[in-house]
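What follows is a set of notes on a single structure, which appears directly below.
The values are calculated or read from the model by the stated rules, or taken from the named source; none is laboratory data. Fair warning: this is a prediction, and the values are worked out from it, not measured in the lab. Reconstructed Cβ throughout: ideal geometry from the backbone, glycine too, with neighbour counts over all protein chains shown. Surface areas here come from the heavy atoms of the whole protein model, side chains and all, with no ligands, DNA or RNA. Shrake-Rupley method; radii C 1.70, N 1.55, O 1.52, S 1.80 Å.
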Amino acid sequence: MERGGRWAVLGAAAVLVLSGCGQRAAEHEPDFASAAMLPERLGADGTTITVGDPEAPVKVHLYEDPRCPYCKEFETTGGGPRLRDALLDRSAIAEYTFASFLDDRLGGTGSKKAVNALRASLEEGKFVEYHELLYANQPEESVDGYTDAYLLKLAGEVEGLRSPEFDAAVKSMKYRAFVTASEQAYEKAGGAKDPEGPGTPTAVINDKRIPLEYGALLMERDTFAQLLQEIHDKPEEWDATTL
């Protein structure tokens, strides 16, 4: 299949690693001082959690399941930290849709409980820090480890997150409807080809979904950063790409 412009090489080992990568072509507004200062909000669809400057030119929509070990890899040692850098310097904005299908596949309720707790953390303005902490301390996939007690213990490490309201939301599954709607949004994102959902993690960058066969680039920290940089610097070439 033909690819547009200089995006012709979309190999798993060197996705869009083009000449001139790593040099910013545009000036940005002053950086956010820390991840804790990043704007975070619930989208109008009621399921998308958005983080970052809404005017940022690169939009990265991520589909994740809290129990997914590949999501942990992305968020801790893969492209996640580089995405966070892009959020901080206002060159990108992140959107998150959370699935919970691993509970049905593996048994238990850990994914659902974690998604509920993440929604509760958004209500307190602490989603960014809590999201990072959950993946950094993710239990083994086969272990239904995201219990109420564990989720509250981790929340205690985020300054200002624990409160009677937050604790009650976690214990009562206050955002159960959000959890269900988010899973449905994930499944819908798979389309007719993948009716059970696109897989996790999946990234859609400026409305173009990274194909599964190129998913390895999400785990290559520097390559993912270069991809974001190229899309930022040459958006018209990304728009012309057929994936």
Quantify, in whole percent, the carbon and sulfur part of the accessible surface of the chain (1.4 Å probe; protein heavy atoms only).
50
In debye to the nearest 20, the charge dipole size for the range 62-177, taken about the Cα centre with +1 at each Lys and Arg Cβ and -1 at each Asp and Glu Cβ, equals 240
Does the range 46-93 classify as rounded, prolate or oblate by the C-alpha gyration tensor (a ≥ b ≥ c root eigenvalues; a/c under 1.5 gives rounded; else a/b over b/c gives prolate, otherwise oblate)?
oblate
Could you sort the peptides 209-221, 34-46, 54-66, 88-100 by per-residue average Cβ neighbour count (10 Å cutoff), highest mean leading?
88-100, 54-66, 209-221, 34-46
Would you mind counting up the charge near Pro69? Only other residues with Cβ under 12 Å from its Cβ, with Lys and Arg at +1 and Asp and Glu at -1.
-4
Taking H placed 1.01 Å from N in the peptide plane, check which residues at least 5 places from Thr202 or on another chain put their amide H under 5 Å from its amide H.
Tyr63
Please give, to one decimal in nm, the separation of the simple spin-label points placed at Asp31 and Thr77, each 7 Å out from Cα toward the Cβ.
2.5
Over 20 Å between Cα atoms: which of Lys112/Lys174; Lys113/Lys193; Lys126/Lys174; Lys59/Lys112 fall into that group?
Lys113/Lys193; Lys59/Lys112
Rounded if a/c under 1.5, otherwise prolate or oblate - the range 90-169, Cα gyration tensor axes
oblate
What number comes out for accessible area per residue over the chain if the probe is 1.4 Å? Units Å², please.
46
Quick check: residue separation of Leu42 and Leu106 times 0.36 nm, minus the Cα distance between them. What number comes out in nm?
20.2 nm
May I ask which residue of Thr241, Pro66, Ala35 lies farthest towards the positive end of the charge dipole of the chain, with charges of +1 (Lys, Arg) and -1 (Asp, Glu) on Cβ and the Cα centre as origin?
Pro66
Among (1) 15.5; (2) 12.0; (3) 12.9, the entry that matches mean projected area of the Cα convex hull in nm² as calculated here
(3)
What area, in nm² and to one decimal, does the C-alpha convex hull of the range 41-155 cast on average over all directions?
6.7
If you plug each phi of the range 125-131 into the Karplus form 6.51 cos²θ - 1.76 cosθ + 1.60 with θ = phi - 60°, what whole-Hz ³J(HN,Hα) values come out, in order, with x for Gly and Pro?
x, 10, 4, 4, 5, 6, 4
Principal axis dimensions, the range 102-243 - Cα atoms, whole angstrom, descending:
50, 33, 26
Going by alpha carbons, how many degrees (0 to 90, nearest 10) lie between the helix axis of 221-233 and the longest principal axis of the chain?
60
Sorted by chain and number, the residues with a modelled amide H under 5 Å from that of Arg90, at a separation of 5 or more or across chains, are Phe32
